[in-house]
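Chemist: This is the structure I have questions about; it appears just below.
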Amino acid sequence: MSIPREDIVLILPIALALAGAVLGLIADAFHGRRLAVSIVILGLAAGGALGIWVAVNEDPRSVADILAAGGGTSAVGGAVMLIGAVAVFGGWTWFTRSSMGAGAAVLISIVCATSATLAASLDLLLVIICLEALALSGYALTAQARNGRSAEASVKYVIQGSVATGLLVLGFAILFGVYGSKTDLLEIGIAIGSGPVEPALAAMGLIVSAFAYKLGAFPFHSWAPDVFETAPPPSAGAMASIPKIAAVSAAVFVFGVAFGVGDTGSLSTLWLVLAAGSILFGNLVALKQTSYGRMLGYSGIAQVGYVLVGLAAPQATWTMSAMLVLVVAYGMAVACAFLGAEAVRQIRPEWDGSIDGMAGIGRSQPVLGVGIAIAMFSLTGMPLTAGFWGKFGVFGAALVDEWQWLVAIGVLGILASVVSFGYYGRVLRALYFDAEAEASTVREEPGSESSAEAEANPSLFDASTDGSSVPAQAATAIAALAIMALGLAPVFWGLEWLYELFYVFG
Amino acid sequence: MNVAILASVLFAVGLYGVLTRRDLIAVLASVEVMLGGASVMLVGLATTIESAAAPEAGVVEAVGLFIIILAAAEAAVALGIVMAVARRRRTTRVDDLTEVSG
């Protein structure tokens, strides 16, 4: 299994991110957090830029039969690393001041490298190892706020995650045992096509459940809002976007390309049910949330539902690219939204994490306000933002299909997008039209409350991490510009250009 | 086929434990039983089912080891987080962890 010299560049992006992580750990041990966080940002930015370069310039091909590179997989890898770089940069104040900050930045870097590997993976064992590495990093990142609430959210995440890992490994065991001890996804797919179909369907049911959990799809969602509410906003932004992009990308390859052979019609039904449940549940519950983080958590369930509509549809190249565009657009927007929350937290240290508590920020901080507003528009799927082009492709594929249930769910998705403006729009109203925070949304002074209640307050992460909001504001602006760039590019270069960038290797 | 039944029973016992036990340590122990069942399924099926193409020597053992390491890594991180909960909340009972919800 040797790699030709001209193929080294294909895996170099992942190597750069990992090198940033390792050097960051060493720098943290010897010199301090600022240098460590800077190295992590540099590694991620370099890896991300190289990933995009590879996606544009190299032909899609496999490296050592285990990783796909070039085309959509490299574009996804580059996108997750760039999102990671922006998230770490936006959390600069938090990461350089919190005692565990550099470690968290390194974990985000590892999450990015693992996600890029997962998106490119052609081997089922590698998929499992990457999913597990993502889960373990996620547990640690959630617990990193070091208070009772985040520890509680983290332990719930761990228990549910362990069950999902059990389902995943059991499904893998059946595929591995019954279909000739293979781990290569394409070979397993061929073996399923020529062998008995029942064990494969049982195994895929288990693996689909595990993926649904990793994606936070209904009914495997309950960890997501807790984690997004209690984790520090930069880490929450990274966790909400990066692993989700990678898991969707892996699901597209595993279920769309590799296992798309043979009779898998019942699998489409399973995806359809998951999608419908996620869209309905996520939207309805998000409507009544008062916490910004929980609202993003529940709306993330709905967003995953939109992506799963694509998996239920026939796996044309166009549909697969559309799913990747949709999930990358979601990742960029949700990272932008959480970085905006980090900036709000720095500007108003007394902020309790509620949507009402953000009142008036848009007028006092124009750049931050516009950044968060663009994220909300893209999450809704407003035309000329990145989110629109993803929804366009996915719902379009559902609407033109002959299967009436799929058409119905396409319509449901479009209606749900309209409904979703109910809660995304509430953020805009708070930013621009509501009066400044009243006393009820402001945290009580410590001392007047018991320490247990003070710890129960989501805004109370670590007082020493309050400081300048400039990095978080700048990162929000960068993310918002990227959303607009991805949204406007198809206007000039055509939609084919965007979907070609996210071409799925098959 | 017997080995598949054994593995399924192990997995089911573990899942039952996760759903019914109220103590975090017991829940984690049940998770380990689940993962043990999955490993037995993997090695058992791969070594007993006759397939057209025989696997390369060592592949089954290597993959089995990977799964065991994965379970161990999971347990290490999970126990660390349970320690953090126990220290901050003075409890390891699942029923007491109801502060984050909505």
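The values are calculated or read from the model by the stated rules, or taken from the named source; none is laboratory data. Predicted, not measured: the structure shown is a model, and the values here were computed from it. Note that each Cβ is placed from the backbone with ideal geometry, even for glycine, and that neighbours are counted across all protein chains shown.
Chemist: What do you reckon, is A:SER137 assigned to a helix (DSSP H, G or I) and under 17 Å from the mean Cα position of the chain (by Cα)?
Modeler: yes
Chemist: So, one more: Determine the pairs where a residue that is farther than 11 Å from B:ALA4 by Cβ, located within segment B:26-47, has a partner that is outside any helix (DSSP H, G or I) and among the charged types (D, E, K, R) with Cβ atoms under 9 Å apart, the partner being 6 or more residues away or on another chain.
Modeler: Qualifying pairs under 9 Å: B:VAL27/B:ARG21; B:ALA29/B:ARG21; B:SER30/B:ARG21.
Chemist: All but one of (1) part of a helix (DSSP H, G or I); (2) among the hydrophobic types (A, V, I, L, M, F, W, C); (3) out of contact with any helix residue (DSSP H, G or I) (no Cβ under 6 Å at 6 or more places or on another chain) hold for B:ALA71; which doesn't?
Modeler: (3)
Chemist: Given the conditions (1) more than 7 Å from chain A (Cβ to nearest Cβ); (2) modelled with pLDDT of 90 or more; (3) touching a helix residue (DSSP H, G or I) at 6+ places or on another chain (Cβ under 9 Å), which single one is not true for B:VAL43?
Modeler: Every condition holds for B:VAL43 apart from (2).
Chemist: A further question follows. When you look at A:SER209, is it among the hydroxyl-bearing types (Ser, Thr, Tyr), more than 14 Å from chain B (Cβ to nearest Cβ) and assigned to a helix (DSSP H, G or I), yes or no?
Modeler: no
Chemist: Pick out the one residue from A:GLY138, A:GLY166, A:GLY180 that is facing another protein chain (nearest Cβ under 7 Å) and more than 22 Å from B:VAL33 (Cα to Cα).
Modeler: Just a single option satisfies the conditions, and that option is A:GLY180.
Chemist: Let me ask something additional. Among the numbered criteria (1) modelled with pLDDT of 90 or more; (2) of a type in the set (Ser, Thr, Tyr); (3) touching a Leu at 6+ places or on another chain (Cβ under 6 Å), which single criterion is violated by B:THR92?
Modeler: (1) is the only condition that B:THR92 fails.
Chemist: Of the residues that make up segment A:138-157, is at least one touching a residue at least 40 places away in the same chain (Cβ under 8 Å), over 23 Å from A:GLN289 (Cα atoms), aliphatic (A, V, I, L, M) and surrounded by 23 or more Cβ atoms within 10 Å (Cβ to Cβ)?
Modeler: Scanning segment A:138-157, I find at least one residue that is touching a residue at least 40 places away in the same chain (Cβ under 8 Å), over 23 Å from A:GLN289 (Cα atoms), aliphatic (A, V, I, L, M) and surrounded by 23 or more Cβ atoms within 10 Å (Cβ to Cβ), so the answer is yes.
Chemist: Check B:VAL63 against each of (1) closer than 21 Å to A:SER222 by Cα; (2) at the interface with chain A (Cβ under 7 Å from one of its Cβ atoms) and name the one condition it does not meet.
Modeler: Exception for B:VAL63: condition (1).
Chemist: Working carefully through the options A:LEU201, A:LEU186, A:LEU175, A:LEU167, find the one that is in a helix (DSSP H, G or I), of a type in the set (A, V, I, L, M, F, W, C) and closer than 26 Å to A:TYR330 by Cβ.
Modeler: Criteria check complete, one pass: A:LEU167.
Chemist: If a residue must be more than 7 Å from every other protein chain (Cβ to nearest Cβ) and either of a type in the set (Asp, Glu) or within 18 Å of A:THR183 (Cβ to Cβ) (or both), how many such residues does segment B:27-39 contain?
Modeler: 2
Chemist: Something else about it: Taking only segment A:342-358 into account, find how many residues are of a type in the set (A, V, I, L, M, F, W, C), at pLDDT 85 or above and either surrounded by fewer than 24 Cβ atoms within 10 Å (Cβ to Cβ) or under 25 Å from A:ALA250 (Cα atoms) (or both).
Modeler: Of the residues in segment A:342-358, 2 are of a type in the set (A, V, I, L, M, F, W, C), at pLDDT 85 or above and either surrounded by fewer than 24 Cβ atoms within 10 Å (Cβ to Cβ) or under 25 Å from A:ALA250 (Cα atoms) (or both).
Chemist: Could I ask something else about it? When you scan segment A:52-64, do you find a residue that is touching a strand residue (DSSP E or B) at 6+ places or on another chain (Cβ under 7 Å), part of a helix (DSSP H, G or I) and closer than 22 Å to A:PHE502 by Cα, even just one?
Modeler: yes
Chemist: How about segment A:141-155: which of its residues are at the interface with chain B (Cβ under 7 Å from one of its Cβ atoms) and among the charged types (D, E, K, R)?
Modeler: Of everything in segment A:141-155, those that are at the interface with chain B (Cβ under 7 Å from one of its Cβ atoms) and among the charged types (D, E, K, R) turn out to be A:ARG149, A:GLU152.
Chemist: Just name the residue that is surrounded by the fewest Cβ atoms within 10 Å (Cβ to Cβ) out of those in segment B:87-98 that are more than 7 Å from chain A (Cβ to nearest Cβ) and closer than 24 Å to B:MET34 by Cα.
Modeler: B:ASP95
Chemist: Just one of the numbered conditions (1) within 11 Å of chain A (Cβ to nearest Cβ); (2) surrounded by 12 or more Cβ atoms within 10 Å (Cβ to Cβ); (3) over 30 Å from B:ASP96 (Cα atoms) is not true of B:GLY58; which one?
Modeler: (2)
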